[in-house]
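Undergrad: Mind looking over this structure? Questions follow.
The values are calculated or read from the model by the stated rules, or taken from the named source; none is laboratory data. What you are looking at is a predicted structure, and each value in this text was computed from that prediction instead of being measured. Using ideal geometry, Cβ is built from the backbone for each residue, glycine included, and neighbour counts are taken over all protein chains shown.
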Amino acid sequence: MSRALFSAGLALLLLPFGRAAGQERWTAATRLTFTEHRVDAGFGTERFSGLGLGVDGSRRFGRLTVGIAAQGTHLAARRSSELDRRLGEVGATFNLTVGPWWGFYGGLSARSVASDAARQHWLLGRVGIEARPSFTGVHAHAIGRLGLMPIATLTGLSSAAPAVDGAVGVDYAVGDVRLAVLYGVERFTFPALNGIRRSEQFSALSLRAAVVLR
């Protein structure tokens, strides 16, 4: 039910802007990401980290921008007793500009975290508010995001509650080129099972380069 309500609300929010194609523009981007994954299943915190590559493409329709993204990352275990992991993710995103420096963001993504012993499948749906105030004229903007994930499911576990994400960063525009640095965090807490409460966290520092295709 929560997934259906989230999807219906998102569709209603975007419907008035779907026809505003007069300013449509494509943007293509690539990014280098350092990701850390922390897992606490009641036996101490396990940590995995590594570099990954991602690509994304987006199209702007007036105040609405929709896009798709994909990323792959190798996560090395901090302890020799643990197995390395492979993270892969694909998803769709939206950004809706409301005021001169703020708006909404959201998206739906599928994530896989696999090792030689097991594989986890995540389904994530998020929505939140984004601030992008200018601080050096029109070329550079700060970025601040804070959101909730009403959809946060993991194979074999109940849905995470609460599940939140946020990010801070800065971007810089030079003509049709966009450069950005962004640090984001996702935090998941799952209901207790047999007296054990599980939590997971993904954090990522991303360097992104994009070009606007006219």
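Undergrad: So which of ALA142, ALA117, ALA210 is among the hydrophobic types (A, V, I, L, M, F, W, C) and either over 18 Å from the mean Cα position of the chain (by Cα) or not in a strand (DSSP E or B) (or both)?
TA: Of ALA142, ALA117, ALA210, the one residue that is among the hydrophobic types (A, V, I, L, M, F, W, C) and either over 18 Å from the mean Cα position of the chain (by Cα) or not in a strand (DSSP E or B) (or both) is ALA117.
Undergrad: Moving to a separate point now. Only one of (1) aromatic (Phe, Trp, Tyr); (2) over 23 Å from ALA152 (Cβ atoms); (3) touching a helix residue (DSSP H, G or I) at 6+ places or on another chain (Cβ under 7 Å) fails for TRP102. Which number is that?
TA: In the conditions (1) aromatic (Phe, Trp, Tyr); (2) over 23 Å from ALA152 (Cβ atoms); (3) touching a helix residue (DSSP H, G or I) at 6+ places or on another chain (Cβ under 7 Å), TRP102 misses (3) alone.
Undergrad: Under the condition of being among the hydrophobic types (A, V, I, L, M, F, W, C) and part of a loop (DSSP other than H, G, I, E, B), which residue from region 90-114 is surrounded by the fewest Cβ atoms within 10 Å (Cβ to Cβ)?
TA: For region 90-114, the residue satisfying everything is VAL98.
Undergrad: Pairs under 7 Å by beta carbon, first residue within 15 Å of SER112 (Cα to Cα) in region 70-96, partner part of a strand (DSSP E or B) and among the aromatic types (Phe, Trp, Tyr), six or more apart or different chains?
TA: Going by the 7 Å Cβ cut-off, the qualifying pairs are LEU75/PHE48; ARG85/PHE48.
Undergrad: Something else about it: State whether one or more residues within region 87-99 are charged (D, E, K, R) and modelled with pLDDT under 95.
TA: Within region 87-99, not a single residue is charged (D, E, K, R) and modelled with pLDDT under 95.
Undergrad: Turning to a different aspect of this structure: Considering only region 32-89, state which residues are polar (S, T, N, Q), assigned to a strand (DSSP E or B) and farther than 20 Å from ARG208 by Cβ.
TA: Answer for region 32-89, where residues must be polar (S, T, N, Q), assigned to a strand (DSSP E or B) and farther than 20 Å from ARG208 by Cβ: just THR45.
Undergrad: With the structure loaded, tell me whether PHE48 is more than 30 Å from LEU96 (Cβ to Cβ), aromatic (Phe, Trp, Tyr) and more than 17 Å from the chain's Cα centre (by Cα) or whether it fails that test.
TA: Judged against the criteria, PHE48 is a match.
Undergrad: In region 151-169, how many residues are modelled with pLDDT of 95 or more and over 14 Å from the mean Cα position of the chain (by Cα)?
TA: Residues meeting the conditions: 0.
Undergrad: Quick check on GLY169: is it free of Cβ contacts under 8 Å to residues at least 60 places away in the same chain, in a strand (DSSP E or B) and over 26 Å from ALA76 (Cα atoms)?
TA: In short, no.
Undergrad: Related question: Please go through (1) within 20 Å of VAL113 (Cβ to Cβ); (2) free of Cβ contacts under 8 Å to residues at least 40 places away in the same chain for GLY54 and return the number of the only condition it doesn't satisfy.
TA: Of the numbered conditions (1) within 20 Å of VAL113 (Cβ to Cβ); (2) free of Cβ contacts under 8 Å to residues at least 40 places away in the same chain, the odd one out for GLY54 is (2).
Undergrad: Output the number of residues of region 172-202 satisfying the condition of being under 20 Å from VAL113 (Cβ atoms) and buried (at least 17 other Cβ atoms within 10 Å of the Cβ).
TA: Summing the residues that are under 20 Å from VAL113 (Cβ atoms) and buried (at least 17 other Cβ atoms within 10 Å of the Cβ) in region 172-202 gives 9.
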